[in-house]
Amino acid sequence: MTNELKPARVRFAPSPTGHLHLGGLRTALFDWLYARRTGGQFVLRIEDTDQKRYNPESLNSLTRGLHWLGLDWDEGPDCGGPFGPYVQSERKAFYATYAQQLVDAGHAYRCYTSETELEELRKQGKEYDRRHRSLTAAQRAAFEAEGRAYVIRFAVPLAGTTVVADAVRGNVVVENQRIPVDPVLVKSDGMPTYHLAVVVDDHLMEITHVLRGEEWLPSAPLHVLIYAALGWEKPVFVHLPIILDPSGKGKMSKRKPVVDGREMPVFVSDFIQEGYLPEAVFNFLANTGWSFDGERDIFTRAEAVARFDVKDISAKATALDYKKLEWLNGIYIRSLAPADLKAHLLPFVAAALGIDEAVLAADQRFDHLIPLIQERIKLLTEAAPLIDWAFSEEIIYSDPAKLVGKKLTAAESVAVLKAGAALLQSVEPFTLHNLEEAFRAQAETMGVKIGSFLAPFRVAITGKTVSPPLFESMVVLGREESVRRVAKAQAVLESYARAAV
RNA sequence: GCCCGUAUCGUCUAGUGGACUAGGACUCAGCCCUUUCAAGGCUGCGACCGGGGUUCGAAUCCCCGUACGGGUACCA
């Protein structure tokens, strides 16, 4: 298709403080979508300017999460690029240079107020009072002579307004007086704050579109002011709507929300662990805050890339609909070729059953079971409980009453089981078709509805009242084991029937 | 408190002044199919936050109110 959009340079700039969150993943996804749509570049940059909250493990989980979703970047800490380094802690020299430039131009100043002094102000309900904004040379020299630590603060204009041009909201106008009083640009430890670093890096890396969460909108005017003070051209701001807790009240937090009594995943690692397919999460996330069109909910990566545009992003915060995500995951599971589903299922089922992956992979029963459960699961984790019976040595009929078919007495169920056992032994060959034919004929002969007739066998074979299709299950198990289970069930039910009388 | 943003079925959304008796999807209910459970098919319930304007005409534009969300750090 013709590409009418200019190639964009976008970046995903997470801070490595913990696990990658769904909201962060969505931001990364939109970044990627826009870069790919326009034929531009997707840059990964690590914003680790807060050494107190730095968590070295988060970088791994971050790249793992992005790769899992199928996102790739053109420049970043791992692969380098022409605008490196891509880790902010390695870019301190840049920030120092531009901070000094701002100070020299009178747009920023050294503030010697200590954190304890600030704390006292705060206790009195006051904010910073710009006390060092216009120090005389002598005052400044005195502080320096004392060896006092300082921060560099931005001198926010005392009057006027600042306009943030946001691609999804239009112009947001803010009075400069409402911008927080002279925000810190460089901390006393020499590290820049987000505000300085993000502006310097986005400019130096030639970022054209800044996609980030809406929580940044309030500080965007400050950023606009910094761009102006430095004489730089601004990027296009695209503030993405916040992803809300499923209840719709409040941002998603680290705490797992509970839906229908179940705890739902919040970190990307949770989604991986709980059996979600990356394609489904991709599709779902693309639909939160953006939509393919009014009619289709399901689309491929390529289709999303071909249609994505930042101007179509919604400004409305969205509650996470886990039910819909699960439904979508089910759709994607059903669309998988059996071999692919097997590959996805292997680690989950092997772990749940306590079987070695290689052993399970070679087990023919597993192959035969997969098509039987494909349309019955929404999550990969749901497979094991559906097929564990096929791999257990012994079925325990702890509740013999379950072996009784609907509208049947225990004694009648014993008779059913007995008749079926005979069939299991005689059917030749032991195939789906033959079994079904024989059982249906027998049920009719005995005047029992097929559903009731089969119920005792379902429990005998699988130990459960809900299972994959029965005849298929018997075939998977084989004649011998099927006969053995039915015989045991029959014995259990007989003694239960006797006791009941 | 102050600042900013947002406001269509319970949820995700389509809708950019007339094509809207407001469309799709999830959820929920019912029916069909059916060896259980699913899957699938069909049907149904269900919304333009309120009030003022502007206009021949408003879900769509403006104002006020309300509600919700976000921000208000030497965190990002």
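All of the numbers you see were taken from the coordinates with simple rules; none came from a lab. On a predicted model such as this, the values are computed, not experimentally measured, just so you know. Cβ placement follows ideal geometry from the backbone for every residue including glycine, while neighbour counts extend to all protein chains displayed.
Using DSSP to define loop residues, name the GluC sites (Glu not before Pro) in region A:89-155 whose beta-carbon has at most 13 other beta-carbon atoms within 10 Å. Within region A:89-155, the qualifying GluC sites (Glu not before Pro) (loop, at most 13 other Cβ atoms within 10 Å) are A:Glu127.
Each residue of region A:423-433 is assigned a 3J(HN,Hα), and the resulting list reads 4, 4, 6, 8, 4, 9, x, 7, 10, 3, 4 Hz, derived from the Karplus form 6.51 cos²θ - 1.76 cosθ + 1.60 (θ = phi - 60°), x at Gly and Pro. Judged by the mean number of other Cβ atoms found within 10 Å, the most tightly packed of the peptides A:380-391, A:68-79, A:173-184, A:251-262 leads the ranking A:380-391, A:68-79, A:173-184, A:251-262. Listing A:Ser398, A:Ser452 from fewest to most neighbouring C-beta atoms within 10 Å gives A:Ser398, A:Ser452.
Cross-link reach is defined here as a Cα-Cα straight distance under 25 Å, omitting same-chain residues fewer than 8 places apart; for A:Lys6 the lysines meeting it are A:Lys234, A:Lys311. Give me the net charge of A:Gly275's neighbourhood, meaning all other residues with Cβ under 11 Å from the Cβ of A:Gly275; Lys, Arg count +1, Asp, Glu -1. My count for the surroundings of A:Gly275 gives -3.
Applying a DSSP loop filter and a limit of 11 other Cβ atoms within 10 Å to the trypsin sites (Lys or Arg not before Pro) in region A:275-372 leaves A:Arg296, A:Lys316. Going by neighbour counts of Cβ atoms within 10 Å, the residues A:Ile370, A:Ile152, A:Ile396 line up, fewest first, as A:Ile396, A:Ile370, A:Ile152. Listed values for region A:253-258 are Karplus-derived 3J(HN,Hα) couplings in whole Hz (6.51 cos²θ - 1.76 cosθ + 1.60, θ = phi - 60°), namely 10, 6, 6, 6, x, 10, and x replaces Gly and Pro. By the rule of a C-alpha distance below 21 Å, with chain neighbours fewer than 8 residues away ignored, the lysines paired with A:Lys316 are A:Lys249, A:Lys251, A:Lys324. Taking amide H as placed 1.01 Å from N in the peptide plane, the amide H of A:Gln41 sits under 5 Å from that of A:Ala8, A:Arg9, A:Val10, each at least 5 places away or on another chain. Straight-distance candidates among the lysines for linking to A:Lys342, with alpha-carbon spacing under 22 Å and chain neighbours fewer than 8 residues away dropped: A:Lys378.
The string of couplings for region A:456-467 from the Karplus curve (6.51, -1.76, 1.60, θ = phi - 60°) is x, 5, 4, 6, 4, 7, 10, x, 10, 7, 10, 7 Hz, one whole number per residue in order, with x for Gly and Pro. Using the alpha-carbon atoms, what tilt in degrees (0 to 90, nearest 10) does helix A:322-335 show relative to the longest principal axis of chain A? The helix A:322-335 is inclined about 60 degrees to chain A. Per the Debye formula on identical point scatterers at the alpha carbon atoms of region A:1-107, with no solvent, log10 I(q)/I(0) at q = 0.12, 0.16, 0.19 Å⁻¹ is -0.48, -0.78, -0.99.
Between A:Ala319 and A:Leu244, the built amide H atoms are under 5 Å apart, and every one of these is 5 or more places off in sequence or on another chain. Annotation for region A:230-317: GluC sites (Glu not before Pro) lying in DSSP loop with at most 14 further Cβ atoms inside 10 Å of their Cβ are A:Glu233, A:Glu295.
With both residues required to sit in chain A, DSSP beta bridges show an antiparallel share near 55%.
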